[in-house]
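These notes concern the structure reproduced below.
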Amino acid sequence: MAKKTKTITAPDATAIDIGIPTGERKKIAAGLAVLLADSYTLYLKTHNFHWNVTGPMFNTLHLMFEAQYTELALAVDLIAERIRALGFPAPGSYAAFEQLTSIKEATDVPPAEEMIRQLVAGQESVVRTARRIFPLVDKASDEPTADLLTQRMQVHEKTAWMLRSLLQ
C-alpha cells in the first residue's frame, strides 16, 4: 500500500497575519495617517519658521527650530513605516495631508513670539491626535504602535513645554 503524503502549501507571502484583524489594522492605520499629516504639517511649519525667524532671539530660535524639524523629519518616516507594516498605504501628498491635518498651515511670517505660540499649539495638537489613537491600539494589543505613540507624545509634550517656557 502506498503511503499518503501530506501536501504542504506555503502561506501567502503577501497576506498579513500579525494577530490584529484587518478591520482593526485599518482603523489604526487611519489614525496614524492623521498623526502623519499633523507631524508633517508641523515639520513644514517649523522649517518655515526656522528660515524666517528674526529678532533678538534669532540664534536661539533658529537653532531650536532646526533641532525640532530634524526630529520631525525622522518621526514622519517612522509613522509612515508603521502604517505600511499594518498593510495600508501611507498618505504622502500635500493634498492628502491638508485633508487629514488638524494643524493650520502658516501662510505668513509672524513675529518670533507668535511663531512660538503657533508651534506650542502644533506640538499639543500632535499629542492630542496620538492620544486619540490609543483606545484602538489598546483594544488590538498593538504594542509596536503603542510604543510609537508613547514616544511621540513624550517628544511633543517636552517640546511644547520648552517652547512655552520661552513665552513666560
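What follows draws every value from the coordinates through simple rules; no lab data is involved. These numbers were taken from a predicted model, which means no experiment stands behind them. With ideal geometry, Cβ positions are generated from the backbone for all residues, glycine too; neighbour counts draw on all protein chains shown.
Relative to the dominant Cα principal axis of the chain, helix 112-139 is inclined by about 20°. Normalising the average separation of contacting C-alpha pairs (under 8 angstrom, six or more residues apart) by the number of residues puts the relative contact order of segment 83-162 at 30 percent. The Cα atoms of the chain give a gyration tensor whose axes a ≥ b ≥ c have a/c of 1.5 or more with a/b greater than b/c, which makes the shape prolate.
Counting Lys +1, Arg +1, Asp -1, Glu -1, what net charge surrounds residue 103 among other residues with beta carbon under 9 Å of its beta carbon? Once all neighbours under 9 Å are counted, the net charge is 0. In segment 22-165, taking the dipole from charged Cβ atoms about the Cα centre, the farthest positive-side position among 57, 103, 69 is held by 103.
Mean sequence separation of contacting Cα pairs (under 8 Å, at least six apart), scaled by the length of segment 22-165, corresponds to a relative contact order of 33 percent.
Distance between Cα centroids, segment 115-134 to segment 41-57: provide it in whole Å. So the separation of the two Cα centres works out to 17 Å. Dipole magnitude for the chain: about 800 debye, using +1 per Lys or Arg Cβ and -1 per Asp or Glu Cβ, origin at the Cα centre. For segment 19-31, putting each phi into the Karplus relation 6.51 cos²θ - 1.76 cosθ + 1.60 with θ = phi - 60° gives couplings of x, 10, x, 3, x, 5, 4, 5, 5, 5, 4, 5, x Hz, in residue order, rounded to whole numbers and with x for Gly and Pro.
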